[in-house]
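Novice: Before I ask anything, let me first share the structure, which is written out below as structure tokens.
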């Protein structure tokens, strides 16, 4: 059987493989034969058997991988809440930052201003994702635009402007359709 890299297995799959090794060992099968049968390396099989002999079944259960969630954060919980509140309640220029919209750079500058920490844009992006903020594109229309008022202007005032332009030999250039 071809050797398989256990790093790419789930913890449950890894646990099953380890139990298989122990069951084969309990049937008095030699270690090199177990290596051939299960597709794990000799040191791995030997390690599983040694763990079982020392601690029984609980000793072969694989531990979680990687860091725990939230470990290694640079901002404290209070600092995180402060920054989140500032982003939600204010625009960058209200906080005397050199930005018109919130970006990773703007948030990094806010963190430096409020907490005294210098963070890279990538780190700030990870914080923003963790906080549930997502990248947004600004809306390209006026917030206070009233469609009914625009339509009324097009129906009532624009025809007079177009007629005057035609009478004077002028042209009307617009990004809007009439």
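Novice: Quick test of your reading of the structure: residue 51 fulfils all but one of (1) assigned to a helix (DSSP H, G or I); (2) over 30 Å from residue 31 (Cβ atoms). Name the failing condition by number.
Specialist: Unmet for residue 51, out of (1) assigned to a helix (DSSP H, G or I); (2) over 30 Å from residue 31 (Cβ atoms): (2).
Novice: Give the stretch 11-34 a look and list any residue that's surrounded by 10 or more Cβ atoms within 10 Å (Cβ to Cβ), closer than 19 Å to residue 62 by Cβ and without any contact (Cβ under 8 Å) to a residue 40 or more places away in the chain, or say none.
Specialist: 13, 16, 17, 20, 21, 22, 23, 24, 25, 34
Novice: To continue, here is another question. Conditions first: (1) out of contact with any helix residue (DSSP H, G or I) (no Cβ under 7 Å at 6 or more places or on another chain); (2) more than 30 Å from residue 118 (Cα to Cα). Residue 52 passes all but one, so which condition is the exception?
Specialist: (1) is the only condition that residue 52 fails.
Novice: For the structure I just gave you, tell me whether residue 130 is closer than 30 Å to residue 7 by Cα and assigned to a loop (DSSP other than H, G, I, E, B). Before you say what the answer is, go through the steps one by one.
Specialist: Details: closer than 30 Å to residue 7 by Cα: yes; assigned to a loop (DSSP other than H, G, I, E, B): no.
Judged against the criteria, residue 130 is not a match.
Novice: Go through the residues of the stretch 100-111 one by one and say whether even a single one is over 23 Å from the mean Cα position of the chain (by Cα), in a loop (DSSP other than H, G, I, E, B) and without any contact (Cβ under 8 Å) to a residue 12 or more places away in the chain.
Specialist: The answer is yes; a qualifying residue exists.
Novice: Tell me which residues, restricted to the stretch 40-57, are exposed (fewer than 13 other Cβ atoms within 10 Å of the Cβ) and either in the same structural domain as residue 122 (by TED's automatic domain parsing) or closer than 25 Å to residue 8 by Cβ (or both). Break it down into steps so the answer makes sense when it comes.
Specialist: Taking the stretch 40-57 as the starting set, the residues that turn out to be exposed (fewer than 13 other Cβ atoms within 10 Å of the Cβ) are 42-43, 50, 53-57.
The answer is 42, 43, 50, 57.
Novice: So, in the stretch 58-81, how many residues would count as being assigned to a helix (DSSP H, G or I) and loosely packed, with under 12 Cβ neighbours inside 10 Å? Spell out how you get there, then give the answer.
Specialist: Keep residues of the stretch 58-81 that are assigned to a helix (DSSP H, G or I), which gives 58-60, 77-81.
After this cut, where a residue has to be loosely packed, with under 12 Cβ neighbours inside 10 Å as well, the list is 58, 77-78.
Within the stretch 58-81, residues that are assigned to a helix (DSSP H, G or I) and loosely packed, with under 12 Cβ neighbours inside 10 Å number 3.
The values are calculated or read from the model by the stated rules, or taken from the named source; none is laboratory data. Keep in mind the model is a prediction, meaning the values are calculated, not measured. Neighbour counts are summed over all protein chains in view; Cβ atoms, including those assigned to glycine, are modelled from backbone coordinates with ideal geometry.
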